[in-house]
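The values are calculated or read from the model by the stated rules, or taken from the named source; none is laboratory data. Since the model is a prediction, treat every value here as computed from it, not as a measurement. Every residue, glycine among them, receives a Cβ derived from its backbone with ideal geometry; neighbour counts consider all protein chains shown.
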Amino acid sequence: MADIVKNTAPEKLELLVMVVKAKRASYFANLLQNTGANLQLITQASGTSPKAIMDYLGLKQSNRSAIFSIVREDQVKDILELLNEKFDSVKDGGGIAVTVPMSSIVGLLSYGFLSNDKRTISHE
């Protein structure tokens, strides 16, 4: 099995950043987990817009959470399509998601964990 890993180029990884209502953060983190993403970090988020602009646009302040996750580049399109569908169909499920390419990961085991690539871990 080690020969397969040596001859296979690893998929590039991207950082997925998503902002959703705080009460839906666990739902979206679990959804990402089900896609094979191994890491979800949820943190409290707040906007930086002045109150005057929020009032002018008719927007209300609400509790938000930011979710950071590592996804393989080959899965990005499918994951973003799934999230877009859920943003539209889940009650109070609106949000925003973007990805940022990651340029380097140090260590084969770290890469294997982050990419959920079981081929990189030898059981010998």
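Quick one: in segment 102-112, of everything that is surrounded by fewer than 16 Cβ atoms within 10 Å (Cβ to Cβ) and either hydroxyl-bearing (Ser, Thr, Tyr) or within 19 Å of residue 40 (Cβ to Cβ) (or both), which residue is modelled with the highest pLDDT?
102
Give me the residue from segment 1-31 that is modelled with pLDDT under 75 and closer than 20 Å to residue 76 by Cβ and, out of that set, surrounded by the most Cβ atoms within 10 Å (Cβ to Cβ).
10
Can you find a residue that is at pLDDT below 80, surrounded by fewer than 17 Cβ atoms within 10 Å (Cβ to Cβ) and of a type outside the set (D, E, K, R) anywhere in segment 60-72?
Yes.
With respect to residue 93, is the statement that it is at positive phi and at pLDDT below 90 true?
no
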